[in-house]
Amino acid sequence: MSKEIPEEEEYTQYIKESIISNKDFNPLDYWKQNTYRFPILSLLACQYLAIPATSAPIERVFSVSNNIVTKSRNQLLPRTVKQLLLLKYWKLEEFKRSNTLEHE
């Protein structure tokens, strides 16, 4: 049974922790293992750590959208473009899964 602690105490308790200097340290694993000790901080950390470190994923989306919205298809509604992008992504994911299953 875990007892609820106020936010300030949770923060103070976390700050008193020793610094981890392991090269193989995975912050997501740390927060997953310590969710019960720091429920609020772990929620914030997971939201913050979920942000991609690069812009590569969004650049891929723009690249694909350039193939969809062409000079001859410049009248597509934003909703239609979004649906086409999602369909392309889902089809690609399905293809990757089926390829993985075939090679196992």
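Rule-based calculations on the coordinates, nothing more; no lab input. Owing to the predicted nature of the structure, the values given are computational and were not obtained by experimental measurement. Here Cβ is always computed from backbone atoms with ideal geometry, including for glycine, and neighbour counts include all displayed protein chains.
Some notes on this structure:
- Subset of region 9-43 [exposed (fewer than 10 other Cβ atoms within 10 Å of the Cβ) and of a type in the set (S, T, Y)]: S18, S21, Y36
- Considering region 4-95, the qualifying helices (runs of 4 or more DSSP H), each wholly inside and each with 3 or more residues that are under 19 Å from the mean Cα position of the chain (by Cα), run over 27-33, 39-49, 56-68.
- Filter pass, S65 being farther than 30 Å from I15 by Cα, surrounded by 10 or more Cβ atoms within 10 Å (Cβ to Cβ) and not charged (D, E, K, R): yes
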